[in-house]
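Asks: One structure, pasted below without further comment.
Any read-out appearing in this document is the output of simple, stated calculations on the displayed coordinates, not a laboratory observation. Quantities reported herein were computed from a predicted structural model and do not represent experimental measurements. Here Cβ is always computed from backbone atoms with ideal geometry, including for glycine, and neighbour counts include all displayed protein chains.
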């Protein structure tokens, strides 16, 4: 068993952040296999952080449904629950990244405004 959600998120983040690591990409693609589930493939191919968040949310819903449908005495049950915890943690980390990015944009806007207040531009 593998954690397709995490590997797909890694690929989506590499895309959106412009990370060019061929070895990591190859490893992640191998983990996902030739025909990953549609929501996993969409997450792996995400081009923006917003796309990553949207597709990760879908993947999380699918995983929650899988955990709910699995009997507690199934040998894979504990692993599935562990995956669920890891994917929820990844979701929280991605939310923090998005919030930090939005905060940076606001700070840059304020800096730009302050600069124009200190040094008005005559038009």
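Asks: Between residue 26 and residue 96, what length in nm is gained on full extension when 0.36 nm per residue of separation is reduced by their alpha carbon distance?
Replies: The span from residue 26 to residue 96 would gain 22.5 nm if fully extended.
Asks: Then there is this: So how far, in whole Å, is the C-alpha centre of segment 13-52 from the one of segment 74-123?
Replies: Measuring centre to centre over Cα atoms gives 19 Å.
Asks: When you count, for each residue, the other Cβ atoms within 10 Å and take the mean per peptide, how do 7-13, 42-48 rank with the highest first?
Replies: Ranking the peptides 7-13, 42-48 by packing returns 7-13, 42-48.
Asks: Once you have the Kirkwood Rh of segment 4-118 from its Cα pairs, apply Stokes-Einstein at 25 °C and 0.890 mPa s and quote D in µm²/s.
Replies: Diffusion coefficient, whole number: 156 µm²/s.
Asks: Only helical DSSP H runs with n ≥ 4 go in: add -39500 (n - 2.57) per run for the chain, normalise by residue count and round the 222 nm mean residue ellipticity to 500 deg cm²/dmol.
Replies: Result for the chain, helices only: -26500 deg cm²/dmol.
Asks: Still on this structure: Just to be sure I understand: with springs between alpha-carbon atoms less than 10 Å apart, which residue in 41, 23, 53 has the highest mean-square fluctuation in the Gaussian network model of the chain?
Replies: 23
Asks: So which residue, out of 39, 55, 113, gets the largest mean-square fluctuation from a GNM of the chain using Cα contacts under 10 Å as springs?
Replies: Largest GNM mean-square fluctuation: 113.
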